[in-house]
1. Can you give me the % of accessible surface on the chain that is carbon or sulfur? Probe 1.4 Å, all protein chains present, nothing else counted.
2. Going toward the positive end of the dipole of region 187-261, with +1 on Lys and Arg Cβ and -1 on Asp and Glu Cβ, which of GLY192, LEU233, GLY216 do you reach last?
3. What residues have an amide H closer than 5 Å to that of HIS184, excluding those fewer than 5 places away on the same chain, when H is modeled at 1.01 Å from N in the peptide plane?
4. Using the heavy atoms of the protein chains and a 1.4 angstrom probe, tell me the accessible area per residue for the chain in square angstrom.
5. Is region 166-242 rounded, prolate or oblate when judged by the Cα gyration tensor, a ≥ b ≥ c being the square roots of its eigenvalues, rounded requiring a/c under 1.5 and prolate requiring a/b larger than b/c?
6. Pairing the Cα long axis of helix 17-27 with the longest principal axis of the chain, what angle in degrees results, from 0 to 90 and rounded to the nearest 10?
7. Rounded to two decimals, what ratio of Rg to Rh does the chain give with C-alpha atoms and a Kirkwood Rh?
8. In whole Hz and in residue order, list the ³J(HN,Hα) couplings for region 201-212 that follow from phi through the Karplus curve 6.51 cos²θ - 1.76 cosθ + 1.60, θ = phi - 60°; x for Gly and Pro.
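The values are calculated or read from the model by the stated rules, or taken from the named source; none is laboratory data. A quick note: this is a predicted structure, and the numbers were derived from the prediction, not measured. Because the Cβ atoms are built from the backbone with ideal geometry, glycine has one as well, and the counts that use them run over all protein chains shown. These area figures cover heavy atoms from the full protein model, side chains too; ligands, DNA and RNA do not enter into them. Shrake-Rupley method; radii C 1.70, N 1.55, O 1.52, S 1.80 Å.
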Amino acid sequence: MVIIGLFFIVDSRAENSENSENTSAVLKKIHWNKTIKVIITDKTVQLQSNGIPNHKRDAQYAVPKPGIMVPDKNTAMIGDDPTKPQHYDFIITTTPQFSAHTTKAPLGSIGLMISGAVLFNPYEADDHTLAMASNFYLLDAHGKKIWFIDACSGHATPEQGQYHYHALPNCVTSQVDKPKGPSHIIGIALDGFFIYGANDIHGKAISVTSLDECNGINSPTPEFPKGIYHYVLPGTQDETSSIRCFKGVVDAKNIIPMPPM
């Protein structure tokens, strides 16, 4: 076992053998949150994180009242940011393989972002309500808007404090992308494929219609100009806002169910 700072080596031969020789150099440049511990073995990368993102969060959120699973304006109340440290320890393959059948992205963690926080699928706890499309706010005593989901497309589970994203987090992309420029790697899914923002290598918005059923696409990126399969977060508010299924083989041990609400 070898610990290598804040980068890891991925063999991408599963999609394009030409990528493998470039992967080490590419991932040395990824701006992982300094709190993330990265451990390299021959075939896996182990990512350990406390789940606290390296960007500003709201001081208060609209949170469910007791007994409510999916709140709205009438069933929510204003509460302090419930985010708490977590104990993520993902062991992800560095040689992702396509599965014969896609695997539904469950409620709970489906990937780790460079900020240190995790990505969830597009839905709330009932596995039906679209998180971004149903976002809302409450007004505090001073008339300030207190949002259910913050400007980073994230919030925390109310009791366990698990901060997570449901869509493209601009607070994360701004750490690695230039305005109107191409999207760079902002995370890795549990099947080993990378997660990118909304733009192609030319800085143009990627059409949702060009993505597969899992929000994936094989195309050039700044890190892999000859093309690689990767997931895209297109900045939408519907079911395409996040990864809905895994295209690759997923180790069941990485599936951490969303805690009960």
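1. Within the chain, the accessible surface is 54 percent carbon and sulfur.
2. Projecting each Cα onto the dipole axis, the largest value belongs to GLY192.
3. Excluding prolines and chain starts, which carry no amide H, the hits are GLY197.
4. Using a 1.4 Å probe on heavy atoms only, each residue of the chain averages 46 Å².
5. The shape class here is rounded.
6. Long axis of 17-27 versus the principal axis of the chain: about 50 degrees.
7. Rg divided by Rh gives 0.96.
8. 5, 9, x, 8, 4, 7, 5, 4, 5, 8, 8, 7
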